[in-house]
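Structure first, commentary second.
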Amino acid sequence: MSLLEVKDLKVHFPVRQGLFSRVKGYVRAVDGVSFSIEPGETLGLVGESGCGKTTLGRAVIRLIEPTAGSVVLEGADLRKLRGEALRQKRRTFQMIFQDPVSSLNPRMTVGQIVGEALEIHNLAPDAAARRERVGELLKSVGLDPLHAQRYPHEFSGGQRQRIGIARALAVRPKLIVCDEPISALDVSVQAQIINLLGDLQQQEGVAYLFIAHDLAVVEHISRRVMVMYLGKVVEMGESRSLCRDPKHPYTKALISAVPVVDPKSKRQRMLLPGDVPSPINPPSGCPFHPRCPVAEARCKTEVPELREVTPGRWAACHLAQ
Amino acid sequence: MWTYLFQRLLHMIPILIGVSLLTFLLMSLTPGDYYSKLENNPQITKEKLTQLRAKAHLDRPWYVRYGYWMKDALRGDLGYSLEYKIPVSELIVMRLWNTFVLALAALLIAWLVALPLGIWAAVRKDSWVDRGCAMIAFLGLSIPEILLGLMALLFAYASGWFPVSGVESNRYIGVEDWDAARVLNRLHHLTLPALVLAASSLAGIMRQMRSNLLDTLRADYVTAARARGLSEGWVVGKHALRNAINPLLTIFGYSLAGLLSGAFIIENIFSWPGLGRLTLEALTSQDYRLVVATVVMATGLLMVGNFIADLLLAWSDPRIRLRE
């Protein structure tokens, strides 16, 4: 059984205007996304800014209320949970944030930040046990247990991200949503954090929904990758094969944008014309057709379904084969 | 830490000297002096006037007068008021209590109402509560204090529910004894001026509280707290509110200064015998010693208020604490 089963998830934000705040339309930030994650697996999620990656990640763990669809974690439908029951359940899924500066409360010591959830969920019998567990967690992310006395502003960006990871691990979650956890870090530190996340996955058996806009990173860390465009999944599949042989024209464009280290490489760059259309009034038919180099007449009218093009590879394109 | 405190206190001295100098200079630039109004009085001779002016050092240039004043002030003597013929320090102490009571009442009302409203408005953003608070703030910020005071006066007169002036009824003049009825009478007199004074600062504090809290409620660490399954009350109280409080501590420090320097407009409208009214009277009659004393005191209080605000900040925020 899958750890997480997401079906037809939608997040629509109302756009209000005028004196009486009448609803003028909806931003379809996430528009019918389905996927599943196995225990201990990493699913990568890529797409350009504003395509709904973060919204999807937050809607899955109910930090944003989904409009429709279902999120089933270990057999329990998260969308049906309310109040205290939901707060209890939050132990099983956690989040790591992009910005290591704003994601740690500046008024709390590292010990308090990491230990707070232990206290709330009664995961440690007393203060001494809590201190010990906090020390253990700090050690597991490569920090000194003595750092528990310090405040976040005394640490570097990479160290802060480690604190954020320790905080998420404190409740022994089954799933962690990593919302671009490395985009705000130096390249050298990025590698350290990615390796740390990999090691922790091996030790704790935790699954990741790894959100990023860098395909190279995602290919490295995930078993499967999901590509989003304008609130919809356009392609999904095993990460290596998806990067070698993309089926959807949007994925092709994304991959051609990844810089190649070899200066002599003469590859074809595929540049997309125009900007991402507004998610308030998405284009008819295939949402990608205004920028697609191979669009046909039917792309303007028929919405392509996400279909299994080759075994294990799904793409939402009429022309994919 | 102690050297820092000592330095801060030392920094206040040159500012106080500068302010007193400036006050003397500005007073000397105004036409006439305290005795000008006696010049047309046929019962007072020219010689007598010259004598009086010499006694008050008004015949000398302003910097010499400042020297005389400074010499006495260093010994703790602020001189006699020309108008009231009693020591300035005594006069100030007499008025201080009234001013303090009024300002403290207004401060308490303003903060105790503004903070919960601001928090409520931020937590229920865009609800009818938020809109209602925005409306109150809009009115509070746009109606001038003087108009609000006059409206309150009109209300008191028309309804007859509240007294229109003074700190207590005339029957208590010269009475030394205190009983419950007298305290109630004082509170009754206090109500309207305190409310009007509170209304003017309430709006600002409320909006500040709301916008700060909204900022911190959007922060990632608040989302992270929610994600860990903390209750909403805990998230707002422990994570968001504590980080939203910094600018308010600064505002609070400023308002502490106002506690003892007096509210000029309100004290005048309600004939409240406080320091604000005293300062204004002293200015119009050019009672220079009284003016300098009240201005220097107000400056000192403002600096002490700022100082307290800084201490509060250091106490509440580890980032500031550790830097010093």
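Structure summary
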| item | result |
| --- | --- |
| Wholly enclosed strands (runs of 3 or more DSSP E) of the range A:15-119 bearing at least 1 residues under 30 Å from B:Arg319 (Cβ atoms) | A:93-96 |
| Selection status of B:Asp179, crowded, with 16+ Cβ neighbours inside 10 Å, over 24 Å from the mean Cα position of the chain (by Cα) and more than 19 Å from B:Thr99 (Cα to Cα) | no |
| Some residue of the range A:135-149 being within 12 Å of another protein chain (Cβ to nearest Cβ), in contact (Cβ under 8 Å) with a residue 12 or more places away in the chain and within 26 Å of B:Leu241 (Cα to Cα) | yes |
| Check on A:Ile193, within 14 Å of chain B (Cβ to nearest Cβ) and not small (Gly, Ala, Ser) | no |
| Any chance B:Thr250 is hydroxyl-bearing (Ser, Thr, Tyr), part of a helix (DSSP H, G or I) and modelled with pLDDT of 85 or more | no |
| Boolean, B:Glu83 is closer than 16 Å to B:Leu283 by Cβ and surrounded by fewer than 18 Cβ atoms within 10 Å (Cβ to Cβ) | yes |
| Top-ranked residue of the range A:8-52 - restricted to ones that are charged (D, E, K, R), at pLDDT 90 or above and surrounded by 15 or more Cβ atoms within 10 Å (Cβ to Cβ), ranked as nearest to A:Gln94 (Cα to Cα) | A:Glu41 |
| Filter result for B:Leu102 (surrounded by 18 or more Cβ atoms within 10 Å (Cβ to Cβ), under 19 Å from the mean Cα position of the chain (by Cα) and assigned by TED's automatic domain parsing to the domain that holds B:Ile205) | yes |
| Some residue of the range B:79-95 being farther than 27 Å from B:Ser211 by Cβ, touching a Phe, Trp or Tyr at 6+ places or on another chain (Cβ under 7 Å) and of a type in the set (S, T, N, Q) | no |
| Verdict on B:Asp215 being in contact with a Phe, Trp or Tyr (Cβ under 6 Å, 6 or more places away or on another chain) and free of Cβ contacts under 8 Å to residues at least 60 places away in the same chain | no |
| The range A:153-176: number of residues that are closer than 17 Å to A:Thr42 by Cα, outside any helix (DSSP H, G or I) and either without any contact (Cβ under 8 Å) to a residue 12 or more places away in the chain or within 11 Å of chain B (Cβ to nearest Cβ) (or both) | 2 |
| Residue in the range B:235-246 that is assigned to a helix (DSSP H, G or I), in contact (Cβ under 8 Å) with a residue 24 or more places away in the chain and under 24 Å from the mean Cα position of the chain (by Cα) present | yes |
| Test: residue in the range A:299-314 that is in a helix (DSSP H, G or I) and touching a helix residue (DSSP H, G or I) at 6+ places or on another chain (Cβ under 7 Å) | yes |
| Residue count for the range A:256-287, restricted to those that are at pLDDT 80 or above and more than 18 Å from A:Cys51 (Cα to Cα) | 1 |
| Count of residues meeting criterion [under 26 Å from the mean Cα position of the chain (by Cα) and among the polar types (S, T, N, Q)] in the range B:148-176 | 2 |
| Options B:Leu260, B:Leu192, B:Leu184; residue that is at pLDDT below 90, surrounded by 19 or more Cβ atoms within 10 Å (Cβ to Cβ) and more than 14 Å from chain A (Cβ to nearest Cβ) | B:Leu260 |
| Every residue from the range B:271-323 that is away from chain A (no Cβ under 14 Å) and in a loop (DSSP other than H, G, I, E, B) | B:Ser271, B:Trp272, B:Pro273, B:Gly274, B:Gln286, B:Asp287 |
| Matching residues, the range B:21-62, being assigned to a loop (DSSP other than H, G, I, E, B) and in contact (Cβ under 8 Å) with a residue 24 or more places away in the chain | B:Thr30, B:Gly32, B:Asp33, B:Ala56, B:Leu58, B:Pro61 |
| Those residues of the range A:164-212 which are hydroxyl-bearing (Ser, Thr, Tyr) and in contact with a Cys (Cβ under 9 Å, 6 or more places away or on another chain), in sequence order | A:Tyr208 |
| Count - residues of the range B:260-307 that are among the aromatic types (Phe, Trp, Tyr), over 13 Å from the mean Cα position of the chain (by Cα) and over 15 Å from B:Val88 (Cβ atoms) | 3 |
| Pairs, first not assigned by TED's automatic domain parsing to the domain that holds B:Ala293 and assigned to a helix (DSSP H, G or I) in the range B:63-87, second surrounded by 13 or more Cβ atoms within 10 Å (Cβ to Cβ) and aromatic (Phe, Trp, Tyr), C-beta under 7 Å, six or more apart | B:Arg65/B:Phe24; B:Tyr66/B:Phe24 |
| Residue that is farthest from the other protein chains (Cβ to nearest Cβ), among those in the range A:90-131 that are touching a strand residue (DSSP E or B) at 6+ places or on another chain (Cβ under 8 Å) and surrounded by fewer than 24 Cβ atoms within 10 Å (Cβ to Cβ) | A:Thr92 |
| Check on B:Leu117, hydrophobic (A, V, I, L, M, F, W, C), surrounded by 18 or more Cβ atoms within 10 Å (Cβ to Cβ), in contact with a Lys or Arg (Cβ under 9 Å, 6 or more places away or on another chain) and not assigned by TED's automatic domain parsing to the domain that holds B:Gly204 | no |
| Test for A:Ala320: is it over 25 Å from the mean Cα position of the chain (by Cα) and either surrounded by 21 or more Cβ atoms within 10 Å (Cβ to Cβ) or more than 23 Å from A:Val6 (Cα to Cα) (or both) | yes |
| Which listed residue is within 16 Å of the chain's Cα centre (by Cα) and either within 28 Å of A:Gly231 (Cα to Cα) or not β-branched (Val, Ile, Thr) (or both), from A:Arg87, A:Arg107, A:Arg58 | A:Arg58 |
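Conditions (1) in a loop (DSSP other than H, G, I, E, B); (2) surrounded by fewer than 23 Cβ atoms within 10 Å (Cβ to Cβ), marked per residue:
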position: A:Cys178; (1), (2): no, no
position: A:Ile182; (1), (2): yes, no
position: A:Leu185; (1), (2): yes, yes
position: A:Ala191; (1), (2): no, yes
position: A:Asp199; (1), (2): no, yes
position: A:Tyr208; (1), (2): no, no
position: A:Glu219; (1), (2): no, yes
position: A:Leu242; (1), (2): no, no
position: A:Thr251; (1), (2): no, no
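The values are calculated or read from the model by the stated rules, or taken from the named source; none is laboratory data. It should be emphasised that the depicted structure is a prediction, and the values quoted were computed from it without experimental measurement. With ideal geometry, Cβ positions are generated from the backbone for all residues, glycine too; neighbour counts draw on all protein chains shown.
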